[in-house]
Amino acid sequence: MTLSLFDEDHGVVVGANEWLASQACVLRGRVLAQADDILSAIESITTAAPFRHLVTPGGTTMSVAMSNCGALGWVSDRRGYRYSPHDPLSGQRWPAMPDSFQHLARQAAEAAGFPSFQPDACLINRYEPGTRLTLHQDRDEQDYGHPIVSVSLGMPAVFLFGGLTRNERPARIPLYHGDVVVWGGVDRLRFHGVAPLKAASHPRLGAVRLNLTFRRAA
Ligand code: MD3
Ligand code: FE
């Protein structure tokens with residue numbers, strides 16, 4: 001039997017795994033009960049390593065604001081994209097990844113069929129109305145055998161779920177506060193992105209969406 005909770009505005013809050021492809025899955029409402037704790041942790045992390053708008057190697061400033069926690073953090077500048085143990089703004093190591101983050105990423109990966117995931121990097125993305133993430137692949141990690149786990153908080157977004165080539169038209173998947181997405185295996189290198197965020201207000205976060213992506217970078 002499958003149990004589901006419903007919310008009048010958003011439909012299913014917690015329900016069965018929703019498979020987008022053979023190894024990509026949405027876990028609706030997976031972290032709803034822990035959302036406030038996750039938000040407090042993000043507040044302390046981004047007090048030490050503030051959100052910033054990175055520049056791409058091509059010289060464009062990204063509309064998404066980013067920070068990181070964990071042994072490695074994803075950075076971009078005129079020299080390229082890479083993982084670095086240091087925050088280029090402070091020269092210090094990135095804030096540690098909280099044990100609760102490690103644990104939720106591992107459990108979510110397991111629920112989607114990827115046992116023993118041990119992330120060493122957590123990229124934190126902040127979206128405001130109009131912010132978008134153009135179609136891309138995540139390929140700066142050393143071993144594509146590891147999955148990626150993402151956690152959505154705050155305003156809803158339309159996630160663009162593409163194919164293994166850029167020219168395949170992406171599916172549009174709405175993601176809500178508390179949703180988790182896990183992808184790996186044959187779906188690990190799919191093109192994906194986020195459509196420009198529509199203005200909305202979330203009771204806890206206002207007009208902001210936060211997304212955590214847990215990765216094994218090294
Ligand atoms: C990729 N972040 O940080 S995560 C990124 O919502 C990034 O901030 C987006 O892409 C964000 O690199 C999307 C969600 C996601 C879900 C399913 C995928 C990414 C996926 C399936 C295949 C590849
Ligand atoms: Fe990505």
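What ranking do 101-109, 144-152, 132-140 get when scored by the average of other Cβ atoms within 10 Å per residue, highest first? Intermediate results must be reported in sequence, preceding the final value.
Values: 101-109: 20.3, 144-152: 22.4, 132-140: 14.8.
Packing proxy ranking, top to bottom: 144-152, 101-109, 132-140.
What part of the accessible area of segment 173-215, given as a whole %, is carbon or sulfur when the probe is 1.4 angstrom?
Exposed carbon and sulfur together represent 65 percent of the surface.
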- In whole Å, what are the Cα extents of the chain along the three principal axes, biggest one first? 51, 37, 34
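Report the net charge of residues surrounding A157, where surrounding means a beta-carbon distance below 11 angstrom and charges are Lys +1, Arg +1, Asp -1, Glu -1.
+3
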- Along the charge dipole of the chain, which of A207, I173, G91 sits closest to the positive end, that is, farthest toward it, with unit charges on the beta carbon of Lys, Arg, Asp and Glu (+1, +1, -1, -1)? G91
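Report the net charge of residues surrounding M66, where surrounding means a beta-carbon distance below 9 angstrom and charges are Lys +1, Arg +1, Asp -1, Glu -1.
Numbers: positive: R52, R126; negative: none.
Here the charged neighbours net out to +2.
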- So what is the accessible area of the chain per residue, in Å², with the probe set to 1.4 Å? 49
- Among Y144, T134, L104, pick out the residue whose Cα is farthest towards the positive end of the charge dipole of segment 99-218, where Lys and Arg carry +1 and Asp and Glu carry -1 on C-beta, about the Cα centre. T134
- Query: With every protein chain present, what accessible area does T60 have (1.4 Å probe, heavy atoms only), rounded to the nearest 10 Å²?
  - Reply: 90
- Note down the magnitude of the dipole of segment 2-86 about its Cα centre, charges +1 on Lys and Arg C-beta and -1 on Asp and Glu C-beta and zero elsewhere, to the nearest 20 debye. 640
- Item | Listed residues I45, L153, S63: farthest to the positive end of the dipole of the chain (Cβ charges) | S63
- Message: With a 1.4 Å probe and all protein chains left in place, how much of the accessible area of segment 1-119 comes from carbon and sulfur atoms, in whole percent?
- Response: 51
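The values are calculated or read from the model by the stated rules, or taken from the named source; none is laboratory data. Predicted model, so just to flag it, every value in this text is computed and none were measured. We place every Cβ from the backbone using ideal geometry, glycine too, and count neighbours over all the protein chains shown. Side chains are part of the model used for accessible areas, which takes the heavy atoms of the whole protein and leaves out ligands, DNA and RNA. Shrake-Rupley method; radii C 1.70, N 1.55, O 1.52, S 1.80 Å.
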